[in-house]
Amino acid sequence: MMSNDNRHVMSVADPAAMAAAAAERLIARISENPGRVAICLTGGSSPKQLYQLLTTEACRRKIPWERVHWFIGDERFVPADDPLNNMGVARKLFLDQCAPATNIHPIPTSTADPADPDRGAALYDGELKAFYGADALDPDRPLFDLVLMGVGPDGHTASLFPGDPALDETQRWVVGVPKANVEPFVPRVTLTLPTLASCREMLFEVAGADKRAILTRVFAGENLPANRARSTGETVWLVDQAALPENFRG
């Protein structure tokens, strides 16, 4: 593990090793909390191997599924059964097989609600506050045990894009994003930086040579959303060899 600018960077060989390391950290965080656990998932391609790994017997038996609650850091404003829906993918890959339905907390995007990401954001904001039991986050009482994160080619994380006013939001826990900077160009709903930061551990997963350029910029300290996302607890970046910038090679 290497440290840089208050961030822990763990180099792994490949995406399979990354999934194994992420599963180990997720299970460790769950085991540290004997009460109700909250995990915030992420979309994109990086966590898919992790989600598949959690269904294996070796991982599945280590998770007390009845007391773990699963949230999502951002969502594309498409129906729940759309292949672009982040929580829909997570449900298909592992949640519906393993977790009680009452412990799965998707961001509302159904046509039963107004087709408005701000409305979906307000509903999820209320759900998070009800789960937490307060309307203001306490630094000494994190909302999440673990928040999974990724980084996009433009340096965005969750659905917080460069230059978006949502990056400076300090009051709302969740906001609507009317336009995405990258494909798919659909409206989004995203947790804000203070909400994502309210965790015991923030865990980024980054793999592939196509991510090396943006990681070089992030690790150089450029003012990008992924650089501003930090946990009030521990922030860890799992990076495979293909994505690792040259200046981080030992």
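The values are calculated or read from the model by the stated rules, or taken from the named source; none is laboratory data. Everything numeric in this text was worked out from a predicted model, so none of it was measured. Cβ placement follows ideal geometry from the backbone for every residue including glycine, while neighbour counts extend to all protein chains displayed. Ligands, DNA and RNA are excluded from the accessible area calculation, which covers all protein heavy atoms including side chains. Shrake-Rupley method; radii C 1.70, N 1.55, O 1.52, S 1.80 Å.
Values as computed for the structure displayed
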item	result
Some residue of segment 178-186 being in contact (Cβ under 8 Å) with a residue 12 or more places away in the chain and either under 25 Å from residue 20 (Cα atoms) or not in a loop (DSSP other than H, G, I, E, B) (or both)	no
Some residue of segment 196-203 being of a type in the set (Lys, Arg) and within 14 Å of the chain's Cα centre (by Cα)	yes
Residues (among the charged types (D, E, K, R) and within 15 Å of residue 124 (Cα to Cα)) located in segment 34-90	74, 75, 76
Condition check for residue 242: in contact with a helix residue (DSSP H, G or I) (Cβ under 6 Å, 6 or more places away or on another chain) and of a type outside the set (Lys, Arg)	yes
Filter pass, residue 162 being open to solvent by 10 Å² or more (accessible area, probe 1.4 Å), at negative phi and not basic (Lys, Arg)	yes
Residue 157 being closer than 30 Å to residue 134 by Cα, β-branched (Val, Ile, Thr) and more than 13 Å from the chain's Cα centre (by Cα)	no
Condition broken by residue 236, with the remaining ones in (1) under 15 Å from the mean Cα position of the chain (by Cα); (2) open to solvent by 10 Å² or more (accessible area, probe 1.4 Å) satisfied	(2)
Residue within segment 82-105 that is touching a residue at least 12 places away in the same chain (Cβ under 8 Å), under 23 Å from residue 129 (Cβ atoms) and of a type in the set (Lys, Arg) present	no
Residue list for segment 108-133, restricted to those being touching an Asp or Glu at 6+ places or on another chain (Cβ under 7 Å) and modelled with pLDDT of 95 or more	129
Scope segment 239-250; condition exposed (fewer than 15 other Cβ atoms within 10 Å of the Cβ) and not in a loop (DSSP other than H, G, I, E, B); matching residues	246, 247
So residue 231, is it in contact with a Leu (Cβ under 9 Å, 6 or more places away or on another chain), closer than 19 Å to residue 18 by Cβ and among the small types (Gly, Ala, Ser)	yes
Filtered residue count, segment 187-224, keeping only those that are in a loop (DSSP other than H, G, I, E, B), open to solvent by 30 Å² or more (accessible area, probe 1.4 Å) and under 21 Å from residue 76 (Cα atoms)	1
